[in-house]
1. At Ile38 and Glu53, where each label point lies 7 Å from the Cα along Cα→Cβ, what is the point-to-point distance in nanometres?
2. Within the range 1-46, report the chymotrypsin sites (Phe, Trp or Tyr not before Pro) that DSSP leaves as loop and that have at most 12 other Cβ atoms within 10 Å.
3. Tell me, how many Å apart are the Cα centres for the range 83-115 and for the range 30-44?
4. Under a cut-off of 12 Å between alpha-carbon atoms, report the aspartates and glutamates in cross-link reach of Lys26, not counting same-chain residues fewer than 8 places apart.
5. Calculate one ³J(HN,Hα) per residue across the range 39-53 by plugging θ = phi - 60° into the Karplus curve 6.51 cos²θ - 1.76 cosθ + 1.60, and present them in order as whole Hz with x for glycine and proline.
6. What would the Debye equation give as log₁₀ I(q)/I(0) for the range 14-122 at q = 0.10 Å⁻¹, counting only Cα atoms as equal point scatterers?
Amino acid sequence: MIRGLHGLFYTSDAAAMRAFMRDKLKLPYTDVGDGWLIFDLPEGDIGVHPIDESGEPPSGTHDVSFYCDDIHGTVAELRAGGVRFDEDVADHGYGFVTYFTMPGGVKVQLYEPKYQKRASKSKPMPTAKRARARAKAKRSKIAATGRRR
């Protein structure tokens, strides 16, 4: 039984793209040897799109997108880490979308879906809200123990 998807990016600079995904996108990974990193994402999905009337994109084309729960917070966080975006966030109907280019010229979509992901048990808090919740929990722990970590 199929239980997941393994995707590949082909790039002229594999080492730089692996470092970009590890250091800038902060994706979890396993080093399987010789610097070959396999990134392990907690969720995935596959969409099937028709080609348009003019035959674009060509049949057989593949596309990879990353999705998030808070596009503006994620874009701000990635920009702070040095990621450059190719265009502003735009409403594409199914979600809020932007693009960035990884080493080797690989353009990737980042989007915040407007629909509920079936695999998601509960929608995670947006980044800023998570940070505030962590800070509040830390303050509570310090108040309770009287110790800073």
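Computed from the coordinates by the stated procedures, all read-outs in this text should not be read as laboratory data. Everything numeric here is computed off the predicted structure, so don't read it as measured data. Note that we place each Cβ from the backbone using ideal geometry, even for glycine, and neighbour counts take in every protein chain shown.
1. Modelled inter-label distance: 4.6 nm.
2. Answer in residue order: Tyr10, Trp36.
3. 22 Å
4. Result set, ordered by chain and number: Asp40, Glu77.
5. Per-residue couplings from phi come out as 8, 10, 8, x, 9, x, 7, 10, x, 10, 10, x, 6, 7, 4 Hz.
6. -0.34
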